Amino acid sequence: MNYEEKIKKYIECRKVIEKINSMAKAKIAEVNKVMQALEADITAAADAEGLDQIPTEHGTGYWSTLYSCKLASPDDFVEYIKRHDAFHLVDKRANKTAVREHLAEYGELPPGVDLSSYRKFNVREK
């Protein structure tokens, strides 16, 4: 098989995967819709009965509280972190784009940072 044939086959395989993923997403959306309706019914009934968990022979239903946060004002947040030495409020991870820019500018990585890369094959379809 030459490059023409291999690239053609690669694109065909990618299209098959896209079709399978599309069908799977549609089916998952259907099932999620059923689950959401069940969850709404269960929650409404349990709330009316004052339940915080529902043990059954099939499993126990319960609720948990999840949290997320975003920075409404990044500058204010950074200022607060610095002023109060509150670095525990920040995730400790290097920004890969900034690290690459630092490496390009200074010829070395910032202290305490490892940078890795991998080579990925891509095909741009015509």
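The values are calculated or read from the model by the stated rules, or taken from the named source; none is laboratory data. Nothing here was measured: the structure is a model prediction, and the numbers come from that model. Ideal geometry is used to build each Cβ from the backbone, glycine not excepted, and the neighbour counts take in all protein chains shown.
What are the residues in segment 1-60 that are assigned to a loop (DSSP other than H, G, I, E, B), closer than 30 Å to PHE121 by Cα and modelled with pLDDT of 95 or more, if any?
Hit for segment 1-60 is ASN2, nothing else.
Please work out which residue is nearest to LEU115 (Cα to Cα), limiting yourself to segment 45-72 and to residues that are of a type in the set (Gly, Ala, Ser) and surrounded by 10 or more Cβ atoms within 10 Å (Cβ to Cβ).
Going through segment 45-72, the residues of a type in the set (Gly, Ala, Ser) turn out to be 45-46, 48, 50, 59, 61, 64, 68, 72.
From the residues that got through so far, the ones that are surrounded by 10 or more Cβ atoms within 10 Å (Cβ to Cβ) too are 45-46, 61.
Numbers: ALA45: 52, ALA46: 50, GLY61: 43 Å.
Per the criteria, the residue is GLY61.
Every residue in segment 101-126 that is of a type in the set (A, V, I, L, M) and part of a helix (DSSP H, G or I), please.
LEU103, ALA104
Confirm whether ILE20 is closer than 30 Å to GLU5 by Cα, among the β-branched types (Val, Ile, Thr) and either without any contact (Cβ under 8 Å) to a residue 40 or more places away in the chain or in contact with a Leu (Cβ under 9 Å, 6 or more places away or on another chain) (or both).
So ILE20 fits the description; yes.
Give segment 73-108 a look and list any residue that's surrounded by 11 or more Cβ atoms within 10 Å (Cβ to Cβ) and of a type in the set (Lys, Arg), or say none.
LYS96, ARG100
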